[in-house]
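Please treat every number below as a calculation from the coordinates, not as lab data. Worth saying up front: this structure is predicted, and the values here are computed from it rather than measured. We place every Cβ from the backbone using ideal geometry, glycine too, and count neighbours over all the protein chains shown.
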Amino acid sequence: MSTVTSAPAGLGDGQDTVTAVERGAVSWRLVVAAVVATALVVTLPVGRSQFAGIMWLWALALVGIVGCNLLVPLSSWTGIVVKWMTLAGCLAFLVVFPIGRSDSTLLDLGLFAVFGIVCIGTNLVHGFAGKVSLAQAGFLGIGAYVSVLLDDGREVAIGGMSTTLPNVPFLLAIAIAGLTSMVFSVLIGFPALRVQGPWLAFVTLAFNLLVFLVLNNEEGLTGGSRGIRIPRDDVDVFGIDLFPSRNYYYFCLVFLVAAVAVVWWIVRSPWGRAFKALRDNPARAASLGVDIRTYTLLAFSIGAGLAGVAGALYARLIEFVDPRGFYIGQSFDFFLATVVGGLGTLVGPLIGVSFITVLTDRLRVAGDYYRVWFGLFVVVMMLVAPKGVAGSFNLLRARIQKRLHKRLQSRLRQRRRGTRETP
Amino acid sequence: MSTIESVDSGVDVDSDGEVVVSVRHITKSFGGIRAVDNVSFDLHKGEILGVIGPNGCGKTTLFNCILGQYRPDGGRIELHGRDVSRWRPHRRAKAGLARTFQLLQVFESMSVRDNLKTAAQEHMGSMGRRLFQRPDMGLNDRVDRLIERFRLAHLADERAGNLSYGQQKLLDTAMAFVSGPAAVFLDEPAGGVNPAMLGDLKERIRDLNQNDGMTFAVVEHNMEFIFGLADRVVVLEQGRLLMTGTPDEVRADPRVLEVYLGG
C-alpha cells in the first residue's frame, strides 16, 4: 500500500542542515550501491553461466538491491531514485534473461507474464477493492476460447445452428477477448453485488464452474474435452514473426508491463482511493458519495478484462486450449499467488506468480509432491507473513526506517550538545 | 393522538428560516417492532437540531432512513423541496446530506489526508474524469485547512488506523464536512470521547455552525452536551415524536421528565 500513497514521510524535511548533509551522504552511497547491485543482477546471468561463483555473486547482488530498498526512506528523493531503478532493473532483467535460454524456460517465462496479467487483475479486485473473485480462471478461459474461435474462420455449431466465424487479426482478437470477459463480468457482477464476503466467493466460483462445463460440453463450439490446437506459426504483429518462443515471450511481456502501468495509474488516481474506501468500509464510503455499485463493477470488469487479454495470450503461448486449464483449481492458484505475493501492492502479485510458474518448474524434482509443498508453503506464509511477501517487506522497511530515524536523531542531539559545550 | 398534535405544532412553531431537510411521516418497522412511527420535523438552514430520547427510541433508525441506509416503510424525505426518499445513500451524499455513524468509521488503511480526499472527491466532476485527474484533484489546500481546523496537522500522513480513538472520532467528523454539505447528521459525536475532548468537539461544531453557516442534526445521549449545543431539540420516545422545542422548553417539559426519570 505504502508504495502507492505518495504522501511525504514525516522524516524531517531538512529543517536542520546537519541532518540534511548527513542524510545526503548516506543517500548517495545507497544510490551508488543500488546502481551497482542492479547492474550486476541484470548482467551476471547473461550467457547461461553455470559457474558457481557467478551464481553466488548474483544472489549477493539481489540481496543488495533488496537491502537498498529497505534502507531508503520511501518518499525521499533517494527512495524514489532507488525504487525506480529497481523497477528498471527488474524490467531489464526480464528483457535480458531470456537471451539464449531454452524453449522450456521461455515457456515458463511466458506463463509468468500471462498469469502475471491475471493476478494483477485479481489484485485490483481483491487487494484494492476488497472483493473476492474466484472466477479469474473462467475469464481466462473465455478470453482464450474467444481468441481461438476468431482464428482461421472456424465453423461452429450451437444448438443445431452452424455458422462460420470470421478470421480476425491477432491483436484485434486479443482486444475482443478482453472485452468479452468484461461483458461477462458485468453480467455476473450485477447479481454478485448483492452478496458479500464468502458468498461472493461462492458465486464467482459457481460461475467459473459454469464456464468450465460450457467449454467441456458444448462440443460444437469448443471442441469439448479434446481441446483445440492453435499453432502460433501464422501469427505476426506489425511484421514481427511471433512464432519463435522468445519473440512471443517479449510480446507477452509488453502486455504485462502495460497491465502493470494501467493498474498503477488506476490505483494512484482518485479511483484507487475509492476502491480502497470500498475495501475498508463500504457503508461509510457510500455515505460519503462513493457509488459503491459502479466502483465494484468497474473493479470487477477491469480484473476480468485483464484475465481475458491474458487468456488470448495464453492460448497462443501453449498453442493449445482445453477446458481443464480453466477449471476452478486454476482460480485458486491465482488467488493464492496474489495473497502470498501481497494483496494491495503492485509487485506482490508478480512475486506470487513467480512462485506458481517459474518455481513450479524448478521444483519439479519434487514430482507430484510439488503441490503438497506449495500448499505447505502457503500455510507457513500465511502464518508468518499474513500480508504476503510484498506486504511484509513494507512492514520491515517501516520498522527499519523508524529505527534509523531514531538513531539519526539521537546522534544529532549528541552533536548539538557537543557544539554547545565547545565554546 | 397527542403525538400527532405535537408533530403539527412542532412544524408550525419553527417555520422561520429556510427549510433544508424536511422529514414527513417517516415510519419504519423491523418485524413487529415499530422502530420509527410517523415522525415529522424540519431542519432549518443554519440551525443545530438535537435529537434525543432514551435507548432504543429509534434515533439511529430515523437517521438511517433520512440518509438512505434504510428504506422507510412510509413517509418522505425532502432536501430543498426535492423528494430524495428513493435515492441510494451515495446519491443523497452527493446532493448534500452528510453524516457520521454511531460507531466510528474511518478508512483505516489510508492516511488521514487520503481519508479526507476520499470524502471530498466524489462530489467533484464525473467518474470518467476522475480517472484522468491528478491524484490529489487539487484538494490539498481544502483538506489541509480542515486538518488544521480539527487539530490533526501533526498526524496528516499517519495511517488512520493508528490514531487514538478520540483522534479517529475527530477525523470521522471532519470527513462529513469536507465536501461542504447542505446538512450534517451526527450520530452520537460525543460517544466514547473523554470529557476533556468533549468541549473541544463542541467548539468545532459551533465554530462550523456560526462561521460557516453549517446546518446540523445531532443524535446524542449526553444531555449536557446537547442542551449546551442545540438551538432546538426533538424528543423521540418509542419511535414516536414526543415534542419539539428549545432546550429550555424541553428541559422543563413534564413529559420529557417522565420519559427520562419516571418511565
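Does the stretch A:206-288 come out rounded, prolate or oblate, given a ≥ b ≥ c as the square roots of the eigenvalues of its C-alpha gyration tensor, rounded meaning a/c under 1.5 and, failing that, prolate meaning a/b above b/c? Taking the square roots of the gyration eigenvalues as a ≥ b ≥ c, the stretch A:206-288 is oblate. A straight Cα-to-Cα reach below 28 Å connects residue B:59 with the lysines B:28, B:45, B:94, B:169, B:202, residues fewer than 8 places away in its own chain not being considered. Between beta-carbons, use under 12 Å as the cut-off and find the net charge around residue B:227, counting Lys and Arg +1, Asp and Glu -1. Taking every Cβ under 12 Å from that of residue B:227, the sum is -2.
Shape of the stretch A:37-162 from the C-alpha gyration tensor: oblate (a/c of 1.5 or more and a/b not above b/c, with a ≥ b ≥ c the square roots of its eigenvalues). Treating r as the C-beta distance of residue A:262 and residue A:29 and R0 as 30 Å, the FRET efficiency rounds to 0.25. A helix-only calculation puts chain B at -10500 deg cm²/dmol for mean residue ellipticity at 222 nm, using -39500 (n - 2.57) for each DSSP H run of at least four residues, averaged over all residues. Only one residue of A:240, A:179, A:196 has its Cα farthest out toward the positive end of the dipole of the stretch A:109-258, where Lys and Arg carry +1 and Asp and Glu -1 on Cβ, and that residue is A:196. Cβ-to-Cβ counts within 10 Å put A:374, A:190 in ascending order as A:190, A:374, the fewest first. Calculated FRET efficiency, residue A:377 to residue A:332, Cβ-Cβ distance, R0 = 22 Å: about 0.95 to the nearest 0.05. The gain in end-to-end length when the residue A:199 to residue A:63 segment is fully stretched comes to 44.8 nm, 0.36 nm per residue minus the alpha carbon separation. Taking every DSSP bridge with both residues inside the protein assembly as shown, close to 65 percent are antiparallel. Distance between the C-alpha centres of the stretch B:108-123 and the stretch A:299-341: 33 Å, rounded to the whole angstrom.
Principal-axis analysis of the Cα atoms of chain A puts helix A:77-96 at an angle of about 40° to the longest axis.
Taking a ≥ b ≥ c as the square roots of the eigenvalues of the Cα gyration tensor of the protein assembly as shown, is the shape rounded (a/c under 1.5), prolate (a/b larger than b/c) or oblate? Since a/c reaches 1.5 but b/c is at least a/b, the shape of the protein assembly as shown is classed as oblate. If you run the Gaussian network model on chain A, springs between alpha carbon atoms under 10 Å, then out of A:297, A:71, A:412 the most flexible one is A:412.
Among residues other than residue A:139 with Cβ under 15 Å from its Cβ, the summed charge is 0 (Lys and Arg +1, Asp and Glu -1). When chain A is treated as a Gaussian network with alpha carbon springs shorter than 10 Å, the biggest mean-square fluctuation among A:356, A:266, A:328 belongs to A:266. Annotation: amide H-H contacts under 5 Å for residue B:74 (H modelled 1.01 Å from N, sequence separation of 5 or more, or interchain): B:27.
Taking a spot 7 Å from the Cα of residue B:149 along the direction of its beta carbon, which residues of the stretch A:264-288 have an amide N less than 19 Å from it? It comes to A:288, nothing else.
The HN-Hα couplings worked out from phi for the stretch A:178-195 by the Karplus form 6.51 cos²θ - 1.76 cosθ + 1.60 (θ = phi - 60°) are x, 5, 4, 4, 4, 4, 4, 5, 5, 4, 7, x, 4, x, 5, 5, 7, 10 Hz, whole numbers, x standing for Gly and Pro. Between B:204, B:129, B:76, the Gaussian network model of chain B with springs among Cα atoms under 10 angstrom shows the greatest mean-square fluctuation at B:129. For the segment B:88-101, counting C-beta atoms of other chains within 10 Å of every residue's C-beta and taking the mean gives 4. The fewest-to-most ranking of A:321, A:257 by surrounding Cβ atoms within 10 Å reads A:257, A:321. Enter the Cα centre distance for the pair the stretch A:156-212 and the stretch A:242-263, rounded to the nearest angstrom. Between the Cα centres of the stretch A:156-212 and the stretch A:242-263 lies a distance of 23 Å.
Based on C-alpha pairs under 8 angstrom that are at least 6 apart in sequence, chain A has a relative contact order of 24 percent. Straight-distance candidates among the aspartates and glutamates for linking to residue A:131, with alpha-carbon spacing under 14 Å and chain neighbours fewer than 8 residues away dropped: A:280.
The residues packed around residue A:296, meaning those with a beta-carbon under 12 Å from its beta-carbon, carry a net charge of +3 if Lys and Arg are +1 and Asp and Glu are -1. In this simple spin-label model, placing a label point 7 Å from the Cα along the Cα-to-Cβ direction at both residue B:212 and residue A:395 gives a separation of 3.7 nm. Cα axis of helix B:140-149 to longest principal axis of chain B: angle in degrees, 0 to 90, nearest 10? Taking the Cα atoms of chain B, the angle to B:140-149 is about 50 degrees. Ordered by the count of other Cβ atoms within 10 Å of each Cβ, fewest first, B:57, A:90 give A:90, B:57. Computed from Cα atoms, the angle from the helix A:197-217 axis to the main principal axis of chain A rounds to 40 degrees.
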